[in-house]
Amino acid sequence: MNYNGFFKSALDDLRDQGNYRTFAELERHRGAFPRATSHGDTKSDVTIWCSNDYLGMGQHPKVLDAMHSALDRCGAGAGGTRNISGTTHDHVLLETELADLHCKEAALLFTSGYVSNLAALGTLASRIPDCVVLSDALNHSSMIEGIRHSKAERLIWKHNDLVDLETKLAALPLDRPKLIAFESVYSMDGDIAPIAQICDLADKYNAMTYLDEVHAVGLYGPRGGGIAEREGVMDRLTVIEGTLGKAFGVVGGYIAASAELCDFVRSFASGFIFTTALPPAVAAGAAASIDHLKNSQIERDLHQRKVANVRAQLDQLGIPHVPNPSHIIPVMVGDPLKCKYISDILLKEHGIYIQPINYPTVPKGTERLRITPSPVHSDEDIKHLVNALGALWTQCELARRPLAAQ
């Protein structure tokens, strides 16, 4: 077999379909988010409009100071896995912050949000005898892989469909172990799960709940605990999983749950046991970010105002976007080649960076630009973005939403 020929052919197919992914080589400007330098054919200044650093905390002085301090105090790396030599004082302090954030007995750190889902779901579903996992149809790849890795029986319920979920729960023996896995804010459409009603069903059918809050922590609730905190249901959830790499602006993932559950995952999850711990400076920066957002509502309030402003200006030009109650604005293109073209022209001619979202991240025919406003995007930034999109919508002959339908 010509291996390289096979690889090339597969990549060529992706390019022909408009689904080949290219990296934009960006250099973020310290203290000036969302500004960055693009290192393309020529260097140019750009404004980032698709970052998951939703609040710009990756540039916050408190976070940077904490990381510099920890680097000076501890050095660069953790020195090993948590079990051998990598559990530092900063890791313990961060886990305490996270447990407090979600009002849980304990928390457990992982190297990423992906790994936390893969390891925690995989361990729980495989180790609990005869466990069946009920997974929302639009769950993230990391959740799907964790469930698949567990080899437990899995039932896929229609996205946010309580009737379908209850039908599947009712068909199972009441005493059989069950785990309902779902997200709070879904990252591509920006819709939000009916968490309280799912908890009602879990109580009725004797099931555990596993909630992925990665696109909500830091952003919702009086202390940034996520949608579950905003709705007052954190105590009803068995496991809350989150990330440090989005609104908290650093990197890493975690679960928060009972002391016994966290210790169980710590003791049996290979994705935790056999990987090097996060650097202490990262843990210190994350703890500073969480502490700040627990005590400051300023960023969350301004963030929501910026999101509303972008939506309103898109509506004025009839640019179609998915209506949802979250901070994620999916601007619908519906064609992979045009989606990539618009992204390329925005970067090259307008200094705007928005990565195209194509298949397989979203279904074919729903290609989109996923816009994530932040508190530090200016009104001028917003006007520039919307005007550029309006010009490209005309150039690409894309449909606009009638004003009467808005």
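The values are calculated or read from the model by the stated rules, or taken from the named source; none is laboratory data. None of these values were measured; they are calculated from a predicted model. Positions of Cβ are backbone-derived with ideal geometry, glycine not excepted, and every protein chain shown enters the neighbour counts. To get the accessible areas, we keep the full protein, side chains included, count just its heavy atoms, and leave off ligands, DNA and RNA. Shrake-Rupley method; radii C 1.70, N 1.55, O 1.52, S 1.80 Å.
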message: Name the single residue that is nearest to the chain's Cα centre (by Cα) among those in the range 337-348 being crowded, with 17+ Cβ neighbours inside 10 Å and over 17 Å from residue 25 (Cα atoms).
response: 339
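Please find, within the range 5-28, the residue that is most open to solvent (accessible area, probe 1.4 Å) out of those that are outside any helix (DSSP H, G or I) and aromatic (Phe, Trp, Tyr).
Looking only at the range 5-28, we keep the residues that are outside any helix (DSSP H, G or I), and these are 18-28.
Restricting the remaining residues to those that are aromatic (Phe, Trp, Tyr) gives 20, 23.
Details: 20: 76, 23: 204 Å².
Only one residue fits best here, namely 23.
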- prompt: Of all residues in the range 335-365, which are part of a loop (DSSP other than H, G, I, E, B), under 19 Å from residue 390 (Cβ atoms) and out of contact with any strand residue (DSSP E or B) (no Cβ under 7 Å at 6 or more places or on another chain)?
  reply: 335
Checklist (1) small (Gly, Ala, Ser); (2) modelled with pLDDT of 95 or more; (3) assigned to a loop (DSSP other than H, G, I, E, B) applied to residue 31, failing item: (2)
- prompt: Among (1) over 30 Å from residue 363 (Cα atoms); (2) modelled with pLDDT under 95; (3) open to solvent by 60 Å² or more (accessible area, probe 1.4 Å); (4) not hydroxyl-bearing (Ser, Thr, Tyr), which single condition is residue 2 missing?
  reply: (2)
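Are any of the residues in the range 391-405 within 20 Å of residue 54 (Cβ to Cβ) and not hydroxyl-bearing (Ser, Thr, Tyr)?
Initial filter on the range 391-405 (within 20 Å of residue 54 (Cβ to Cβ)): none.
The answer is no, given that none of the residues of the range 391-405 is within 20 Å of residue 54 (Cβ to Cβ) and not hydroxyl-bearing (Ser, Thr, Tyr).
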- request: Quick one: which residue in 120, 152 is within 24 Å of residue 261 (Cα to Cα), modelled with pLDDT of 95 or more and open to solvent by less than 10 Å² (accessible area, probe 1.4 Å)?
  value: 120
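Condition (residue is free of Cβ contacts under 8 Å to residues at least 40 places away in the same chain, in contact with a helix residue (DSSP H, G or I) (Cβ under 7 Å, 6 or more places away or on another chain) and among the hydroxyl-bearing types (Ser, Thr, Tyr)) applied to the range 147-168: is it met by at least one residue?
Filtering the range 147-168 down to residues free of Cβ contacts under 8 Å to residues at least 40 places away in the same chain leaves 147-168.
Next, only the ones that are in contact with a helix residue (DSSP H, G or I) (Cβ under 7 Å, 6 or more places away or on another chain) stay: 147, 149-152, 154-155, 157-158, 162, 165-166.
This time we only want the ones that are among the hydroxyl-bearing types (Ser, Thr, Tyr), so: 150.
The answer is yes, given that some residue of the range 147-168 is free of Cβ contacts under 8 Å to residues at least 40 places away in the same chain, in contact with a helix residue (DSSP H, G or I) (Cβ under 7 Å, 6 or more places away or on another chain) and among the hydroxyl-bearing types (Ser, Thr, Tyr).
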Subset of the range 105-137 (residues that are within 21 Å of the chain's Cα centre (by Cα), over 16 Å from residue 153 (Cα atoms) and assigned to a loop (DSSP other than H, G, I, E, B)): 111, 112
- line: The condition from (1) open to solvent by 10 Å² or more (accessible area, probe 1.4 Å); (2) more than 22 Å from residue 17 (Cα to Cα); (3) not in a helix (DSSP H, G or I) that residue 373 misses is numbered (1)
query: Just wondering, is there one or more residues in the range 77-84 that are open to solvent by 10 Å² or more (accessible area, probe 1.4 Å) and assigned to a strand (DSSP E or B)?
result: yes
- prompt: From 334, 365, 351, which residue is touching a Ser or Thr at 6+ places or on another chain (Cβ under 8 Å), over 21 Å from residue 55 (Cα atoms), open to solvent by 10 Å² or more (accessible area, probe 1.4 Å) and not hydroxyl-bearing (Ser, Thr, Tyr)?
  reply: 334
- prompt: Are any of the residues in the range 158-172 under 15 Å from residue 123 (Cβ atoms), out of contact with any Asp or Glu (no Cβ under 7 Å at 6 or more places or on another chain), of a type in the set (A, V, I, L, M, F, W, C) and open to solvent by less than 40 Å² (accessible area, probe 1.4 Å)?
  reply: no
query: Residues of the range 295-327 being open to solvent by 50 Å² or more (accessible area, probe 1.4 Å), without any contact (Cβ under 8 Å) to a residue 24 or more places away in the chain and assigned to a loop (DSSP other than H, G, I, E, B), which ones?
result: 323
field: Close pairs (9 angstrom Cβ cut-off, 6 or more residues apart or separate chains): more than 18 Å from residue 40 (Cβ to Cβ) in the range 10-23, open to solvent by less than 80 Å² (accessible area, probe 1.4 Å) and polar (S, T, N, Q) anywhere
entry: 13/19; 17/358; 18/358; 19/358
- request: State all residues of the range 125-139 that are over 12 Å from residue 212 (Cα atoms), open to solvent by less than 20 Å² (accessible area, probe 1.4 Å) and out of contact with any Cys (no Cβ under 7 Å at 6 or more places or on another chain); if no residue qualifies, say none.
  value: 131, 132, 133, 134
query: Looking at (1) of a type in the set (Asp, Glu); (2) more than 30 Å from residue 357 (Cα to Cα); (3) out of contact with any helix residue (DSSP H, G or I) (no Cβ under 9 Å at 6 or more places or on another chain), which is the one condition that is false for residue 90?
result: (3)
